[in-house]
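K.L.:
Have a look at this one.
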Amino acid sequence: MKLDIPYMLEHLTLEEKAGLCSGKDQWFTKAVERLGLPSIMVSDGPHGLRTQKEKVNGQYIGSIKSVCFPTGCALACSYDRDLMHHVGNDLGKEARAEGVQTLLGPAVNIKRSPLCGRNFEYLGEDPYQVGEMASSYVKGVQEEHVGVSLKHFAANSQEFRRMSIDEHIDERTLREIYLAAFEKVVKEAKPWTLMCSYNQINGAYSSENPWLLTKVLRDDWGFDGVVMSDWGAVNRRVPALRAGLELEMPSSGGVNDRKIVAAVKDGSLSMEVLDRAVRRLLEWIQKGVEDTSHAPYDKEADHEDARKASCACAVLLRNEHSLLPLPSFDGVLFVGPFAKKPRFQGGGSSHINNFKLTSAIDAAPGVTYLPGMGDDSETRDEKRLEEAVSASSSAKAVVVFAGLPETWESEGYDRATLSLPPCQDELIAKLVEKNKNIIVVLHHGSSVTMPWRNDVASILDMYLGGQAVGGATVDLLLGKVNPSGKLAETSPLRLEDTPCYLDYDKGQHDAYYGERVFVGYRWYDERKLPVQYPFGFGLSYTTFSLSSLSVSSKVFKEGDLLVVTLKVKNTGKKTGSEVVQLYVAPPKGLSVARPPKELKGFCKVFLQPGEEKEVTMTLDGRSFSYWDNGWRAEKGVYAIAVGPSSQELTLTASVTVEEKPRKLTITDATTIGDVLGSGYPYPAFEQFFKQMMRQMSATDGTLGSGEKAMREAMMMSLPLHAVCSFTNLDLDVLLKMLS
Ligand code: BGC
């Protein structure tokens, strides 16, 4: 269907235009039948379709049966852009077939604390990784002529008071950490829509924040789609429209539409702003209805895709004496209710009415099973505990299915602890006393503490792996598939070690991001804190070696691309995939504090035993930059460190970044050191400084070289006004030397 947008803009009444700026109901935009404008449908997202079609007494109930793919927390661990693309394709096809024009996802908020109840939907703690993975997903969905809504823009880092919390964050932290994944997706994958978050940032609700929705999103990044509100996120409708929020969802019941009409009539809102919003909405609707033809989708085939995806996401955290893979399940005992009824998704708006569910027991029929605790996986049951512990002594191996119960993590509230239910920790501790071959399979949406981690033989982390997770678990336990996932978040030892521990969920109305850019591994690296498992960590049933690292140039200048090449070899006996990670480590002594290293490249390489491949990753100016009122790659020698995990960087190279000296912005706090260290030529000032130093030595000829150095160091920290008071110089004269 082709819409005549100029005609519509000309013939829509003011009331109709205002009406288009809010939804018809929970899931539909409004139609204007007299002009042939159809209504389109949106649907959650992000790891399956939660499409509501049935209404009772005007209210939507239930949702269609659909396929639950692995959730964001699991998908991210695959580090596999092609997989993200493929899952996106599947979701796009499903959405199209169900009459959905825009899928509400992906959710690319950065995991600030492992306690966030919604972390299971999010992809990780590193903005580069999240941005890369989400871009592939978005391209996959949109290739099927279905839009996405990139959410929740921005800094929706907690569920506690999520609809009103005021997040106090400095601009550098926002740009480098909390906005960067959105930026990458907007620039690379061009999402049709974006969803603003509920929270406030520095005193302004995201829904009515012109800096966020217009300056950053449109002016800086070139976003040309529609911004919709999260459901119920609109505070003041007219300022929101002015700030750049086109669509209020789910609906305003007409109230806010009337406010828009009144504001245009009394002149407080210009018709231009409303027309601009309506044009963007029409362009989005046009994309949605351009071609609505569709093929029926095959749910069983998508279930198989979900199983493959879950296999690719699993992270093998421990595997002593290569206990895994098991040759068979003969003599093996499965323990824990999740073996029968796995945890595979989280609670809230992303909750899928999955058409099918495969548990590990379904996939391994006949295996011996004992619950070991209450069916809810959180209640201690003495009889069941004893039964499992005693049966474990004669088992060849015991697979314990542990993890967070469903009600422990969800949209709408945060977790209270990093621990698993005590009955699970107790069970595992007792099992290891009886049997040395204990394998723990984990289901959870974000990091948990594992006090028994060094006592069990193996840990296979499935995260929340979607409806086919049981089949995938069995494939991995038996070695039909080799684990290849790597953690997309640091697994900390204690809650008290986490970067925002002092602030998280502690304030009633405000959150202070005092840890600044030191989020995730950036924090643990800088503080040299031990962790349970580092970011990027994951084992395999085979072994790999990395070699021959080289960089395309020793010098890097603005506008250059640096090609990094290395070889990866499968040195073991099984086929498998390695995730090669590239971190950039800045030199010491830059003008701002920077994390010791940051992920700037990764690739997943599939290799047969003995096979070797060459891989390349490309760095650009942004790879070396931090935010300083713009992106700045400060001069110096940067290390390029490559390895299979953030803590195992086996190869390093270096590159000298050259920077054109920049003229300083002089402020009250500018020091002599700032001026001389800027590299920018200030000949008059340099002359003046030399003279000052000469005079100092002349007046106090007794100064030894150590004292001279001390004085010089003190001088470097002297702000310009202090220079004036020590030299009796007029500040204007000094400023002139610097103009
Ligand atoms: C969630 C969104 C979701 C929307 C519609 C909100 O509560 O935060 O992520 O897309 O509901 O269900």
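K.L.:
Six or more apart or on different chains, Cβ under 7 Å: which pairs go from a residue in the range 39-55 that's under 20 Å from F344 (Cα atoms) and near the ligand (Cβ under 9 Å from one of its atoms) to one that's open to solvent by less than 10 Å² (accessible area, probe 1.4 Å) and modelled with pLDDT under 95? Could you list them?
P.N.:
Matching pairs, first to second residue: none at all.
K.L.:
Something else now. Across the range 184-200, what is the total count of residues that are closer than 27 Å to R236 by Cα, open to solvent by 10 Å² or more (accessible area, probe 1.4 Å) and either basic (K, R) or in a helix (DSSP H, G or I) (or both)? Spell out the reasoning first.
P.N.:
In the first step, residues of the range 184-200 are kept if they are closer than 27 Å to R236 by Cα; the result is 186, 191-200.
Adding the requirement that they be open to solvent by 10 Å² or more (accessible area, probe 1.4 Å) leaves 192, 198, 200.
Retained after the next criterion (residues that are either basic (K, R) or in a helix (DSSP H, G or I) (or both)): none.
Total satisfying the criteria: 0.
K.L.:
Restricting attention to the range 218-266, report how many residues are within 28 Å of G630 (Cα to Cα), away from the ligand (no atom under 15 Å from the Cβ) and either touching an Asp or Glu at 6+ places or on another chain (Cβ under 6 Å) or not in a loop (DSSP other than H, G, I, E, B) (or both).
P.N.:
9
K.L.:
Return the total of residues in the range 167-183 being open to solvent by 20 Å² or more (accessible area, probe 1.4 Å) and either closer than 17 Å to D230 by Cβ or within 16 Å of the ligand (Cβ to nearest atom) (or both).
P.N.:
Total satisfying the criteria: 0.
K.L.:
Evaluate the range 27-35: report whether one residue or more is open to solvent by 20 Å² or more (accessible area, probe 1.4 Å) and part of a strand (DSSP E or B). Steps first, please.
P.N.:
If we filter the range 27-35 for residues that are open to solvent by 20 Å² or more (accessible area, probe 1.4 Å), which is where we start, we get 28, 30-31, 33-35.
Add one more test, that the residue is part of a strand (DSSP E or B), and what stays is 28.
There is at least one residue in the range 27-35 that is open to solvent by 20 Å² or more (accessible area, probe 1.4 Å) and part of a strand (DSSP E or B).
K.L.:
If I ask for residues that are within 16 Å of K604 (Cα to Cα), in a strand (DSSP E or B) and touching a residue at least 40 places away in the same chain (Cβ under 8 Å), which ones from the range 520-546 would you list?
P.N.:
Hits for the range 520-546 are L539, F544, L546.
K.L.:
Could you tell me how many of the residues in the range 289-301 are within 25 Å of T71 (Cβ to Cβ) and out of contact with any Phe, Trp or Tyr (no Cβ under 8 Å at 6 or more places or on another chain)? Before you say what the answer is, go through the steps one by one.
P.N.:
If we filter the range 289-301 for residues that are within 25 Å of T71 (Cβ to Cβ), which is where we start, we get 297-301.
Then drop every residue that is not out of contact with any Phe, Trp or Tyr (no Cβ under 8 Å at 6 or more places or on another chain), which leaves 297-298, 300-301.
Qualifying residue count, the range 289-301: 4.
K.L.:
Is there any pair linking a residue in the range 143-165 that is closer than 15 Å to G507 by Cα to one that is near the ligand (Cβ under 9 Å from one of its atoms) and open to solvent by 10 Å² or more (accessible area, probe 1.4 Å), with Cβ under 6 Å and at least six apart or on different chains, and which?
P.N.:
Hits for this filter: E159/G412; R162/Y198; M163/Y198.
K.L.:
Of S310, S377, S322, which residue is among the hydroxyl-bearing types (S, T, Y) and open to solvent by 30 Å² or more (accessible area, probe 1.4 Å)? Write out each step before concluding.
P.N.:
On the way: S310 fails: open to solvent by 30 Å² or more (accessible area, probe 1.4 Å); S377 fails: open to solvent by 30 Å² or more (accessible area, probe 1.4 Å).
Only one candidate passes the filter, namely S322.
K.L.:
Which count do you get for residues in the range 547-562 that are open to solvent by less than 70 Å² (accessible area, probe 1.4 Å), in contact with a helix residue (DSSP H, G or I) (Cβ under 9 Å, 6 or more places away or on another chain) and not in a strand (DSSP E or B)?
P.N.:
1
K.L.:
Same structure, new question: Is at least one residue of the range 9-18 modelled with pLDDT of 95 or more, open to solvent by less than 20 Å² (accessible area, probe 1.4 Å), under 30 Å from G88 (Cβ atoms) and touching a Leu at 6+ places or on another chain (Cβ under 9 Å)? Can you show your working first?
P.N.:
Here is the first cut: in the range 9-18, the residues modelled with pLDDT of 95 or more are 9-18.
Narrowing the set further to residues that are open to solvent by less than 20 Å² (accessible area, probe 1.4 Å) leaves 12, 17-18.
Okay, now just the ones that are also under 30 Å from G88 (Cβ atoms), so none.
No - not one qualifying residue is present in the range 9-18.
K.L.:
If we scan the range 93-109, do we find a residue that is more than 14 Å from the ligand (Cβ to nearest atom) and within 18 Å of V186 (Cα to Cα)?
P.N.:
No; the residues of the range 93-109 include none that is more than 14 Å from the ligand (Cβ to nearest atom) and within 18 Å of V186 (Cα to Cα).
K.L.:
While we're on this one: Specify the residue that is farthest from the ligand (Cβ to nearest atom); the eligible residues are those in the range 345-373 that are open to solvent by less than 60 Å² (accessible area, probe 1.4 Å), part of a strand (DSSP E or B) and within 28 Å of K396 (Cβ to Cβ).
P.N.:
Among those residues, the one meeting the criterion is L370.
Residue-by-condition table, conditions (1) under 23 Å from L529 (Cα atoms); (2) within 16 Å of the ligand (Cβ to nearest atom); (3) surrounded by fewer than 24 Cβ atoms within 10 Å (Cβ to Cβ):
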| residue | (1), (2), (3) |
| --- | --- |
| S394 | no, no, yes |
| G403 | no, no, no |
| E409 | no, yes, no |
| I438 | no, no, no |
| W452 | yes, no, yes |
| L476 | no, no, no |
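K.L.:
May I ask you to verify whether P499 is surrounded by 22 or more Cβ atoms within 10 Å (Cβ to Cβ) and under 22 Å from Y178 (Cβ atoms)?
P.N.:
Working: surrounded by 22 or more Cβ atoms within 10 Å (Cβ to Cβ): yes; under 22 Å from Y178 (Cβ atoms): yes.
Here the answer is yes, as P499 does meet what is asked.
The values are calculated or read from the model by the stated rules, or taken from the named source; none is laboratory data. Bear in mind that the values here come from a model prediction, so they are computed numbers and not experimental data. In this analysis, Cβ positions are derived from the backbone assuming ideal geometry, glycine residues included, and neighbour counts consider all displayed protein chains. Side chains are part of the model used for accessible areas, which takes the heavy atoms of the whole protein and leaves out ligands, DNA and RNA. Shrake-Rupley method; radii C 1.70, N 1.55, O 1.52, S 1.80 Å.
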